[in-house]
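Just below is one structure, and these are the notes that go with it.
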Amino acid sequence: MSTNKNISIGLFGFGCVGQGLYDVLSNSQGLKASIDKICVKSKNKDRKVDMSFFTWDKNVILSEKKHDVIVELIDNADEAFAIVKEAIENGVSVVTANKKMLAENFETLYKLQEEHKVALIYEGSAGGSIPIIRNLEEYYDNELLTGIKGILNGTCNYILTRMELENKDYSEILKDAQAVGFAESDPWLDVAGFDTKYKLVLLTVHSFGIILKPDQVLNLGINTVSYDDILYAKRHGYRIKLIARAEKINDKVRVFVLPHFVPKDTDLYNTLYEYNAVEVEGAFSCKQTFTGKGAGAHPTGSAVLSDISALTYDYKYAYKKLKSLKNKFNGSYEALHLLDKDFTLKLYIRFKDKEELKELDIVDIEEEYKSAATNYIIANVKFNSLFNIYNKPENKLFVCVVE
Ligand code: HSE
């Protein structure tokens, strides 16, 4: 792509992030780019841009091939995949922030971009405004990365922060998070840890070159958290945070999303409201933490703008780690055998009735507390058995890692 000419953008979606991109681009001095067509679903919404820019037919953008870049910012992951696939097959580079769509279709999308020799970049899909993907991909290329650990969902962090600092009700804060545009249109994806997991799946590719399917990765969320849990954490010098972890242990990786008690005086403890943070640990660089706003129209819009700008110098992910790993495993991307699920975690588990614990493989109980109001145990539990309560809306246990 030539840097001298004006870049024509065909945009899909004009929700929170789409409008954020529009604002950020309108204020950008350096980048010569314009949104020339916007494809949306609803014909009846008031728009802040002249109606002549809009279309309701995706083919107006995809078939005419007039645009240099397709920017995909719609909500529905399946529709997003169809758009991105067609654009790549047409030889057009794509910028997206759709973590669910990327995580669910990673292998196909990777192969498509290699085949059609176009760029598919997605910095806005994980960590909001934090440039974490390009850093993992480029800066840590030759570094012996040992692990990443972070807060990747603004909505959960916003809820946990306000529950603790303002003693406000969970559902009231969730409503606020929806009103300001932090939450997904289906907020279950946020609070049950799915959104964090999709982001973690992407960061695992760029950290270790390992593609995992979202279903292979465990996530438990904060949907069952209570003020009692928050008080317990506070009394012991912790804050509860929903943490995504990918760690290399010998040749395998441990990858999961779980609430954690995070100790005082750490970067993650001090990450509040909709901010995200990613701790990257390397054998020689030791720990480095990246922080920034993780949700919201403008922070995410700015990451999308940065991707559009990167396309002007023909940037694409090199996927060096993925390529070298592929050679090691006879051309296969199947990475399930690299996922370590055979370990034990020390957990705080709050429950009502002991019967609720029957699905878990508890190795030993270190502490047990019972009262009229609340019951909990601190126990060492086989990680694998957490899959028995995974993705079950009827699960009422609150599970939190104690480190
Ligand atoms: N719902 C997401 C969050 C939006 O709260 O982090 C940004 O990816």
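The values are calculated or read from the model by the stated rules, or taken from the named source; none is laboratory data. All values derive from a computational prediction rather than experimental measurement. So basically every Cβ, Gly included, is an ideal-geometry build from the backbone, and we count neighbours across all protein chains shown. The area values use the complete protein model at the heavy-atom level, side chains included, leaving out ligands, DNA and RNA. Shrake-Rupley method; radii C 1.70, N 1.55, O 1.52, S 1.80 Å.
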Fluctuation leader among ASP75, ASP141, ASP251 - the chain, Gaussian network, Cα springs under 10 angstrom | ASP251
Cross-link table LYS58/LYS117; LYS45/LYS392; LYS5/LYS321, entries beyond 28 Å C-alpha to C-alpha = LYS45/LYS392; LYS5/LYS321
Relative to the first principal axis of the alpha-carbon coordinates of the chain, what is the inclination of helix 154-166, with its axis defined by its Cα atoms, in degrees from 0 to 90 and to the nearest 10?
-> 50 degrees
When the chain is treated as a Gaussian network with springs between alpha carbons less than 10 Å apart, the largest mean-square fluctuation among VAL280, VAL304, VAL40 is found at VAL40
Under a GNM of the chain (C-alpha, springs under 10 Å), which listed residue has the highest mean-square fluctuation: LEU102, LEU325, LEU272?
-> LEU325
Rounded to 0.05, the calculated FRET efficiency for the beta carbons of LYS45 and ASP176 at R₀ = 30 Å is 0.85
Let me know the charge dipole size of the chain about its Cα centre in debye, to the nearest 20, where only the beta-carbon of Lys, Arg (+1) and Asp, Glu (-1) is charged.
-> 420 debye
Peptide ranges 367-376, 332-341, 41-50, 149-158 listed from the most packed, as the mean C-beta count within 10 angstrom indicates = 149-158, 332-341, 367-376, 41-50
Beta bridge orientation in the chain: antiparallel %, DSSP, nearest 5 = 70 percent
Of the accessible area of the chain, with the probe set at 1.4 angstrom, what percent is carbon plus sulfur?
-> 47 percent
Gained length - LYS320 relative to SER226, 0.36 nm times residue gap less alpha-carbon distance = 29.5 nm
Can you work out the accessible area per residue across the chain, with the rest of the protein chains kept in place, probe 1.4 Å, in square angstrom?
-> 43 Å²
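Which loop-located trypsin sites (Lys or Arg not before Pro) does the range 263-333 contain, where loop means any DSSP state but H, G, I, E or B and the Cβ has at most 16 other Cβ atoms within 10 Å? Don't jump to the answer; show the numbers that get you there.
Numbers: sites: LYS264, LYS287, LYS293, LYS316, LYS320, LYS321, LYS323, LYS326, LYS328; in loops: LYS264, LYS316.
Those satisfying the criteria are LYS264, LYS316.
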Formal net charge of residues neighbouring TYR198 (Cβ-Cβ distance under 9 Å; K, R +1; D, E -1) | +2
Signed unit charges on C-beta, dipole axis of the chain, positive-most listed residue LEU322, ASN44, VAL401 = LEU322
Kindly state, as a whole number, the per residue volume in cubic angstrom of the convex hull around the alpha carbon atoms of the range 341-403.
-> 84 Å³
Alpha-carbon centroids, the range 251-285 and the range 1-72: separation in whole Å = 35 Å
